[in-house]
């Protein structure tokens, strides 16, 4: 114990772990008292190993450039393996082999690309918690999983100050992670909904205010994530309403014609004057059953629009004009089917 500078409980822990080998030598005539002898070669090897161990303070300040609490978090997560500590040999503090620090360094550098002067603003790993609210353990696990790109500045400074993340990479990662969290909860962000429907922020918020589309600020993983929408509510909105462009496509007319229908009272917009929103069933009611626009018929026949239009103009397929859409030629489904049968024969 004197040679190692430890107490009896520390020595027992080292023996129990197999670090030191002990021999039991009975004493006395009845052998009830024993003397435990520790092999000298084990003690000398252990002293030699301990001579080069790095203390928790050294690892935190000199080698990694983070707080002691962060080093302990890495230890608890199994990312940094100690050689001595309270749950190893009952030592009051933690010690690490230099080889273990080098192992962690080499492992991280495998995932980093070299850029001595990164083009964009960067965040050192030592500041990751303050800048992104990601813990250091979370960040390292994402890096080692290949989800977060790391930059090696190559500077001769502590490891987690030398290794950095670009602002753009962190933003991309956080957005993707948030999107995955929302996906798990079947939620869409306001940006996703705007992109899907094709409107701006002011229009979307006005629709929410009017109750046309249901959305609200919600908690995701304990944090408020802004205006979010249930995916099924957005799908219901798309099934219920169409914008001017969609209405024009359904009726095979241009947007100006849709505006004329509004002025004549044929179509009735819902909500805001711009962009105009219509009930899908009102638009579709303008198309009698069993009729197709020329683009719809072309898709059914697997022909180009121009080729089919030429056949219609030549009288190979009869067309009709609807009172609601007098400027367009429409085809009866039965006539399209007969034409397909003739072509196939």
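The values are calculated or read from the model by the stated rules, or taken from the named source; none is laboratory data. This is a predicted model, so every value here is computed, not measured. Note that each Cβ is placed from the backbone with ideal geometry, even for glycine, and that neighbours are counted across all protein chains shown.
The table below lists the values:
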| quantity | calculated |
| --- | --- |
| The listed residue being modelled with pLDDT of 85 or more, in contact with a helix residue (DSSP H, G or I) (Cβ under 7 Å, 6 or more places away or on another chain) and under 16 Å from residue 330 (Cβ atoms), out of 242, 283, 193 | 283 |
| Residues of region 111-129 classified as out of contact with any helix residue (DSSP H, G or I) (no Cβ under 9 Å at 6 or more places or on another chain) and either assigned to a loop (DSSP other than H, G, I, E, B) or at positive phi (or both), total | 5 |
| Helices (runs of 4 or more DSSP H) lying entirely in region 233-345 (those with 3 or more residues that are within 46 Å of the chain's Cα centre (by Cα) and in the same structural domain as residue 198 (by TED's automatic domain parsing)) | 244-251, 255-263, 280-284 |
| Unique residue being at pLDDT below 85, surrounded by fewer than 17 Cβ atoms within 10 Å (Cβ to Cβ) and more than 27 Å from residue 177 (Cβ to Cβ) when the list is 218, 210 | 210 |
| Some residue of region 130-142 being surrounded by 15 or more Cβ atoms within 10 Å (Cβ to Cβ), without any contact (Cβ under 8 Å) to a residue 24 or more places away in the chain and either at positive phi or part of a helix (DSSP H, G or I) (or both) | yes |
| Residue count for region 77-94, restricted to those that are in contact (Cβ under 8 Å) with a residue 40 or more places away in the chain and either part of a helix (DSSP H, G or I) or crowded, with 16+ Cβ neighbours inside 10 Å (or both) | 5 |
